[in-house]
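The values are calculated or read from the model by the stated rules, or taken from the named source; none is laboratory data. Just so we're clear, the structure is a prediction, and the values are computed from it rather than from any experiment. Cβ coordinates were reconstructed from backbone atoms using ideal geometry, including for glycine residues, and neighbour counts include every protein chain displayed.
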Amino acid sequence: MSTKERYSSNSDSTFMMKDGDFYHNPCNTDEHCQSEKTDLRCLSDSGRKICSCGARGTYAKEKQKCVINLDTACTVGRSECVFNAFCDKDYDTEGTCRCNSGFTEDLGECRAENFKPGLKCNNDGNCGFDRTHLKCLLDPKAEALICSCERGQSFDSESQQCQSKLGGPCELRTAENPYPQVCVKSAVCKLDKDAYKNPTEHGTCCTHEGICEEFEEIKPRKMKARGEECTSPQECNSEKTFMGCFYVVGANAQGKRICDCGDNNKFDEDTQQCSLGVNKGCSLPTYGSPEPQKCIKHAVCQPHLDTKGKETREGKCTCEQGAQDGICNEHSKNPSFEEMKSSGCRVQSYTWAVIVGLLFTLLVIHTPVKIT
C-alpha cells in the first residue's frame, strides 16, 4: 500500500491514518499525531517528521499510545506511565512519572517491594522472576498481563516464591543458583541422575515415600505418637521415628493397630526413636545419607567382615560389655574397684572373704597327715 493510499489529507494539511494508528505517521505538528490521545509527538527523524515517542517512552501498539518512562515529564490525566507507575503532579497539569506506593525503581522499571501474584506486569522482570519464579502471564478473566505462578505451582507467602507441587520440577541450591525452584513444604526434591548415576542439580518433587504423581498437592498429615492407633507406618512418621504400625496382641484387640517399635526394639525417650535391640541388623552411617537407626543404649553396631576381612557397612547390634534379657548392662563384665564401690557393693566384705580363704588354705597345708 502506497503512502498516498494509506493516508488522506484535508484542506488544513492534517494527516490522518486510515486504521487509526498514528505511530510513525508523517506529520507537520503534534496535532497530526493526535497527541491529546496518543502522547505521540511530531519529531524529526532522518530528515523527515514522523509521529514518535522519542526518548520520553516506548510505543504500546495494543494501546496505541506512548508509555512514558520513569522520571520523565508527563501530563496528569492524559499520559500513561510505565507499569506500576503514575503521573505525579508537580504543578497545574504537568507532572513526572514515578513508581506507585509499594514499588521501587529498578533499571527504569517499577518493581514491587513485596512480590505477589496479581501485580500488573509487562515482563517477568516486573514479577521478580529470578527470586520469586513468578511469571508475567495473561489472565483470561482480567484480559491483562499479571504476575502468576505457572500450572502445577502454588505461591508461598512466607518465602514469597512459587513452589512446585508433586511431579513438578525442582532444583538444587548452588552458588550460581541461590534461588532455586523448590517444592511445596510437604514434598522433597528427588534429584535426577546422570549416565554415571551421580545426582544432578535438577529433579522432581516427590513425597518421602517416593510418590511423584503429577501436580497432586500433598496435605500435611498429622503424625501419630507411640501407642496411638494407626493404619500405616507413614502415620507413625516412620522416616524419623523408625516406628511401625503393629497389631495389638490380646483377646480384646479386635484387629487394632498402634504405633510401636516392634519385637526386641526399644523406644528411646530422649531421641523419640526406636532403637535396635541386641543382635538386630544395623547399618553404619554413610556420608550424604540419612542417619541410620541406632542400637539401644550401651550397644554398638559391630560391622560384618567381607571375604577379605575388611569391615562392611552392615553389621549387628552388640553390647559393649554384656547383656541380660536383651538389655545391655552398663557394668556387666570385669567390674573395677571403683565400679563396685559406685554400684553399692561392700568392698569390705569382699576383702574379708579373701582373707578367710587364704587362712583356710594355710591351715590345710600345715595340718599333719597321719600315715597308717
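Would you check which residues across the stretch 123-155 are of a type in the set (Asp, Glu) and touching a Cys at 6+ places or on another chain (Cβ under 8 Å) and list them? Explain how you work it out, then say what you get.
First, the residues of the stretch 123-155 that are of a type in the set (Asp, Glu): 124, 130, 139, 143, 150.
Asp124, Glu150 - these are the residues of the stretch 123-155 that are of a type in the set (Asp, Glu) and touching a Cys at 6+ places or on another chain (Cβ under 8 Å).
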Filtered residues of the stretch 118-163 (kept if more than 23 Å from the chain's Cα centre (by Cα) and among the acidic types (Asp, Glu)): Asp139, Glu143
In the stretch 263-300, residue surrounded by the fewest Cβ atoms within 10 Å (Cβ to Cβ) [restricted to those that are of a type in the set (A, V, I, L, M, F, W, C) and touching a residue at least 24 places away in the same chain (Cβ under 8 Å)]: Leu284
Tally, over the stretch 164-203, of residues that are part of a strand (DSSP E or B), over 12 Å from the mean Cα position of the chain (by Cα) and polar (S, T, N, Q): 1
Exclusive hit being at pLDDT below 85 and in a loop (DSSP other than H, G, I, E, B), set Asp71, Asp19: Asp19
Test: residue in the stretch 211-218 that is in a strand (DSSP E or B) and surrounded by fewer than 19 Cβ atoms within 10 Å (Cβ to Cβ): no
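Is it the case that Ala142 is surrounded by fewer than 17 Cβ atoms within 10 Å (Cβ to Cβ) and not assigned by TED's automatic domain parsing to the domain that holds Asn69?
Working: surrounded by fewer than 17 Cβ atoms within 10 Å (Cβ to Cβ): yes; not assigned by TED's automatic domain parsing to the domain that holds Asn69: yes.
Here the answer is yes, as Ala142 does meet what is asked.
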Positions within the stretch 112-126 being without any contact (Cβ under 8 Å) to a residue 24 or more places away in the chain and either part of a strand (DSSP E or B) or closer than 14 Å to Val82 by Cα (or both), in sequence order: Asn123, Gly125
Residues located in the stretch 35-57, provided they are assigned to a helix (DSSP H, G or I) and surrounded by 20 or more Cβ atoms within 10 Å (Cβ to Cβ): Ser35, Thr38
Hits in the stretch 226-246 - residues which are modelled with pLDDT under 80 and touching an Asp or Glu at 6+ places or on another chain (Cβ under 8 Å): Gln234
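Quick one: is Cys147 closer than 27 Å to Glu109 by Cβ, of a type in the set (A, V, I, L, M, F, W, C) and not in a loop (DSSP other than H, G, I, E, B)?
Numbers: closer than 27 Å to Glu109 by Cβ: yes; of a type in the set (A, V, I, L, M, F, W, C): yes; not in a loop (DSSP other than H, G, I, E, B): yes.
Taking the combined requirement at face value, the residue satisfies it.
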Residue among Glu176, Glu150 that alone is farther than 30 Å from Cys236 by Cα and surrounded by 13 or more Cβ atoms within 10 Å (Cβ to Cβ): Glu150
The stretch 139-198: number of residues that are touching a residue at least 40 places away in the same chain (Cβ under 8 Å) and polar (S, T, N, Q): 5
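Can you find a residue in the stretch 86-102 that is under 33 Å from the mean Cα position of the chain (by Cα) and buried (at least 20 other Cβ atoms within 10 Å of the Cβ)? Outline the logic, then answer.
Of the residues in the stretch 86-102, the ones under 33 Å from the mean Cα position of the chain (by Cα) are 99-102.
Then drop every residue that is not buried (at least 20 other Cβ atoms within 10 Å of the Cβ), which leaves 99.
Checked the stretch 86-102: at least one residue is under 33 Å from the mean Cα position of the chain (by Cα) and buried (at least 20 other Cβ atoms within 10 Å of the Cβ).
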